[in-house]
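Enquirer: Handing you this structure, nothing more for now.
The values are calculated or read from the model by the stated rules, or taken from the named source; none is laboratory data. Just so it is clear, the structure is predicted and the values come from calculations on it, not from any experiment. Positions of Cβ are backbone-derived with ideal geometry, glycine not excepted, and every protein chain shown enters the neighbour counts.
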Amino acid sequence: MAVAQWVKTLTFYEILVGMKATITVLIQRIILRNRKAITLQYPHEKRELPGTYRGMIALLRYDDGTDKCVGCDLCESACPSRVITVISSEVEGEPMKRYAKEYYMDMTRCLFCGLCVQACPVDALAMTTEYEWAKYNKRDLRLNKEQLLALGDRNFPVREKKLEFQHPNVAYFNIGHKNLPPKES
Amino acid sequence: MEMLVFAGAAVVKIAVVMGVVLLTVAFLTLAERKVLSWMQDRMGPMEVGPYGTLQPIADGIKLFFKEDIIPAGANRFLFSLAPILSLVPAFIGFAVVPYGPNREIELFGVTIKPFIITDINIGILYILAFVSIGAYGVILGGWASNNKYSLLGGLRSAAQVISYELNIGLAIIGVLILSGSLSMVTIAEKQAGSILNWNIIGMGHGGGIWWWFPVTQIVAFVVYIISAVAETNRLPFDLPEAESELVAGWMTEYSGMRFAFFFMAEYANMILVSCIASVLFLGGYHAPYPGTRLPDNLSWIEGVAWFTVKVYAFLFLFFWLRATLPRLRYDQLMRFGWKVMLPLALGNIVITSIVVYFLRD
Amino acid sequence: MGSLSFLYFGTVIALSAILVVALRKPVSSVIALLVMFFHIAGLFVTLHAEFLAAVQLIVYAGAILVLYLFVVMLLNVKEDDSYQRQFRLGMGLGLVALAEVVYIVSAAGLPEEPIRERTTSAAAAGNTEMVGRALYTTYLFPFEVASLILLVAMIGAILMAKKGIMGESK
């Protein structure tokens, strides 16, 4: 036992085993060519992202172009990083109905947890697969409502019908559907 | 006239050698990154030029145009002196390395040796002397930066270089005993013949009926290689610049061309120790088979080619070790140097000198 | 040519030797000493003593001075008053030594060109071999004595370093 240990030490056995491992990889890469690098040449090649990828957050619209958001502020209270600022207001002439007059997201603070998306009662928020949002000015990352809606338009071309047209039982919020909030855009 | 021809030939030889060494340094920076990435399932530089082959040029341009920063509180003179002190000794050693067969050509009545800049009678000592000066660049750079990481890197380097320089010096003594000379050309010439006559096997040094008796220098070779890796501050002995502990060691505060000087010095030192190893232990420009295969007037190509192959094999070994081995701890480094390498080298000297004494007619 | 190079090396050696003791910062002193060692090696080369030149660089510049630098940096010695109590004693001794040198030189007279003749015979036999032969034949006894003294110094250093450790264990 001790002799075997000595022989191993004298012949650098363990170092040789390690060096064999590295040279094997090199031979497989360069000579046999049966091994590929795991590197992705990023700007030239991009990963296939799963549908559940949590990228930039977007505001959605119904199929008739009206925004889904009802200005309930639940997303704002659900957000752990206080990313979202909602300034909601009543729809004119409709005291029961509210909408988000202004909607801001400070994406510099966002940690992409998705709690706002879960909290939204009307599914007005969604997470896109966009991630290349590096900016030279960090103020460009404070998104307003138009930008968020544009994100949604860009990433979700298929829009939902209004709740009351989907099924009568689902229409909890937009009760007075005859008096819709004024279209934006 | 003769003086002029002599000086002109010397300048041409120096220019050629420096050019080749600098090109090799540039190539090595790329080769190292490529080899490491091949061994680690990566790709290495791919963007500049086809498969990243022009990366050294891009790096050089970047370093050349980078801002040159001298930190506040630094000793300006020593801070500027340190990169020069580490680069010059690294390049100066190439003056006595024989790159090809020991030939002489007549040029306007002056005999010139084309494959060595100058063959001085203490060649190997000359290299050792200047390599040991290279430590000053590291130590002074670390001290002059006014930075604790730099200082620690410099101190580590001082201790490491002294310890392992000793082992290098003692490891090559066996070869010097066998060759009976300090001149690099004579050492290489004594190993002519075949692979069996190389000092690593050492069959060509016997006399009388003991002609077959090998005076193998394989122990000295191993000691030399390990010490050379330590001397050039390469992994697994890169404690002076240990990134994870000391940022970049003595190079922390350097930028631009000053940093490039340190960088080039490291690679030039690698080439130099590889050249010494191939001349001292692997027969230099001699082929592993007896004689040469090419006709006599072209045989120098064969010699230079074999020398190049040997040097590049050593350089590849450097990369290979770096890809494989983790960094040693400081006490392990010191214990290994003084308690393992030093006794091995001393024992090699004793045994070699005894054997040579009895082999000699 | 020879006397010109000697003039250069000699001047630089003298100047840098003065700088070693005159400079305030210890690290600067070490650099001055490094310059001096280099020029001493150069002087050896002009005398065709290449082996001594290389050994001068390897041993003094490459190892001993690095250790000096190591200690200076480790201790982080601040600027120190070079002129201490021993200054007068040192100056007195230095003057005595200088007077001796002046006396010897004036008594014996400067040699014409004796070095050349001796070095030619050394160069013929190989400088390194001559040194080795001289060390192991003519000067064998001083050589052995010197190595013995160094051995004693080494053992002494080990003893001093071990004293603290052994004292603690008791």
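Enquirer: Could you please find all residues in region A:148-177 being outside any helix (DSSP H, G or I), at pLDDT 65 or above and in contact with a strand residue (DSSP E or B) (Cβ under 8 Å, 6 or more places away or on another chain)?
Expert: A:F156, A:R159, A:E160, A:K161, A:K162, listed by residue number.
Enquirer: Kindly list the number of the only condition in (1) under 30 Å from B:E104 (Cβ atoms); (2) within 14 Å of chain A (Cβ to nearest Cβ) that fails for B:S37.
Expert: Failing condition for B:S37: (1).
Enquirer: While we're looking at this one, here's another question. Among (1) within 16 Å of B:F6 (Cα to Cα); (2) among the polar types (S, T, N, Q); (3) touching a helix residue (DSSP H, G or I) at 6+ places or on another chain (Cβ under 9 Å), which single condition is B:N146 missing?
Expert: The number of the failed condition is (1).
Enquirer: Give the number of residues within region B:218-236 that are more than 21 Å from B:G284 (Cβ to Cβ) and buried (at least 24 other Cβ atoms within 10 Å of the Cβ).
Expert: 2
Enquirer: Among the candidates B:L280, B:L325, B:L317, B:L344, which residue alone is within 14 Å of chain A (Cβ to nearest Cβ), within 16 Å of B:A171 (Cα to Cα) and under 22 Å from the mean Cα position of the chain (by Cα)?
Expert: Exactly one residue qualifies, and that residue is B:L344.
Enquirer: I would also like to ask the following. Please go through region B:316-343 and give me each residue that is under 17 Å from B:I168 (Cα atoms) and crowded, with 18+ Cβ neighbours inside 10 Å, ordered by number.
Expert: Result: B:F318, B:L333, B:F336, B:G337, B:M341, B:L342.
Enquirer: Okay, next question. Restricting attention to region B:328-341, which residues are within 14 Å of chain A (Cβ to nearest Cβ) and not in a helix (DSSP H, G or I)?
Expert: B:L328
Enquirer: Scan (1) away from chain B (no Cβ under 14 Å); (2) farther than 30 Å from A:R154 by Cα; (3) surrounded by 14 or more Cβ atoms within 10 Å (Cβ to Cβ) for the single condition A:M96 breaks and write down its number.
Expert: A:M96 satisfies every listed condition except (3).
Enquirer: Against the condition buried (at least 18 other Cβ atoms within 10 Å of the Cβ), in contact with a Cys (Cβ under 9 Å, 6 or more places away or on another chain) and closer than 30 Å to B:P240 by Cα, how does B:V273 come out, does it pass?
Expert: Taking the combined requirement at face value, the residue does not satisfy it.
Enquirer: What do you reckon, is A:K68 basic (K, R) and without any contact (Cβ under 8 Å) to a residue 40 or more places away in the chain?
Expert: no
Enquirer: Going by the structure shown, is B:Y136 modelled with pLDDT of 80 or more and assigned to a loop (DSSP other than H, G, I, E, B)?
Expert: The answer is no for B:Y136.
Table: residues versus (1) more than 17 Å from C:V21 (Cα to Cα); (2) touching a strand residue (DSSP E or B) at 6+ places or on another chain (Cβ under 6 Å); (3) at pLDDT below 65.
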| site | (1), (2), (3) |
| --- | --- |
| C:K78 | no, no, yes |
| C:S82 | no, no, yes |
| C:R85 | no, no, no |
| C:L93 | no, no, no |
| C:V96 | yes, no, no |
| C:S106 | yes, no, no |
| C:G109 | yes, no, no |
| C:E112 | yes, no, yes |
| C:R116 | yes, no, yes |
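Enquirer: Right, next: Against the definition (at the interface with chain B (Cβ under 9 Å from one of its Cβ atoms), farther than 30 Å from A:V91 by Cα, part of a helix (DSSP H, G or I) and free of Cβ contacts under 8 Å to residues at least 24 places away in the same chain), how does A:I15 come out, yes or no?
Expert: The answer is yes for A:I15.
Enquirer: While we're looking at this one, here's another question. Need pairs with beta-carbon distance below 6 Å; first residue facing chain B (nearest Cβ under 7 Å) and within region C:47-68, second among the polar types (S, T, N, Q) and buried (at least 18 other Cβ atoms within 10 Å of the Cβ); sequence gap 6+ or separate chains.
Expert: These pairs meet every condition: C:E50/C:N127; C:F51/C:N127; C:F51/C:T128; C:I58/B:S132; C:G62/B:S132.
Enquirer: Give me the pairs: first residue in region A:136-156 and within 8 Å of A:A58 (Cα to Cα) and in the same structural domain as A:R82 (by TED's automatic domain parsing), second residue assigned to a helix (DSSP H, G or I) and not aromatic (F, W, Y), beta-carbon distance under 6 Å, and six or more apart or on different chains, which are they?
Expert: none
Enquirer: Can you tell me how many residues within region A:71-96 are at pLDDT below 90 and touching a Lys or Arg at 6+ places or on another chain (Cβ under 6 Å)?
Expert: 5
Here is a yes/no grid of residues against (1) away from chain C (no Cβ under 14 Å); (2) in contact with a His (Cβ under 9 Å, 6 or more places away or on another chain); (3) buried (at least 17 other Cβ atoms within 10 Å of the Cβ); (4) of a type in the set (F, W, Y):
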{"residue": "B:L54", "(1), (2), (3), (4)": "yes, no, no, no"}
{"residue": "B:K113", "(1), (2), (3), (4)": "yes, no, yes, no"}
{"residue": "B:I124", "(1), (2), (3), (4)": "no, no, yes, no"}
{"residue": "B:A129", "(1), (2), (3), (4)": "no, no, yes, no"}
{"residue": "B:G134", "(1), (2), (3), (4)": "no, no, yes, no"}
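Enquirer: Then there's this: Answer yes or no as to whether B:L246 is away from chain C (no Cβ under 14 Å) and either surrounded by 24 or more Cβ atoms within 10 Å (Cβ to Cβ) or touching a Leu at 6+ places or on another chain (Cβ under 8 Å) (or both).
Expert: In short, yes.
Enquirer: While we're looking at this one, here's another question. Taking B:I116, is it under 26 Å from the mean Cα position of the chain (by Cα) and assigned to a loop (DSSP other than H, G, I, E, B)?
Expert: So B:I116 fits the description; yes.
Enquirer: Could you figure out which of (1) surrounded by 15 or more Cβ atoms within 10 Å (Cβ to Cβ); (2) modelled with pLDDT of 85 or more isn't true of B:F6?
Expert: (2)
Enquirer: Answer yes or no as to whether A:I30 is more than 23 Å from A:C116 (Cβ to Cβ), surrounded by 13 or more Cβ atoms within 10 Å (Cβ to Cβ) and free of Cβ contacts under 8 Å to residues at least 24 places away in the same chain.
Expert: yes
Enquirer: Starting from residues that are of a type in the set (K, R) and under 11 Å from B:M43 (Cα atoms), keep the ones in region A:22-41 and report whichever is farthest from the other protein chains (Cβ to nearest Cβ).
Expert: Restricting to residues being of a type in the set (K, R) and under 11 Å from B:M43 (Cα atoms), the top hit is A:K36.
Enquirer: Now for a separate question. In the same structural domain as A:V122 (by TED's automatic domain parsing) and either outside any helix (DSSP H, G or I) or modelled with pLDDT of 90 or more (or both), is that true of A:T108?
Expert: So A:T108 fits the description; yes.
Enquirer: Further, regarding this structure: Could you list all residues from region A:42-60 that are touching a Gly at 6+ places or on another chain (Cβ under 7 Å) and either within 14 Å of another protein chain (Cβ to nearest Cβ) or buried (at least 21 other Cβ atoms within 10 Å of the Cβ) (or both)?
Expert: Within region A:42-60, A:A58, A:L59, A:L60 meet the criteria.
Enquirer: Look through region B:136-149, keep the residues that are more than 11 Å from chain C (Cβ to nearest Cβ) and crowded, with 24+ Cβ neighbours inside 10 Å, and return whichever of them is nearest to B:S80 (Cα to Cα).
Expert: The extreme case among them is B:G141.
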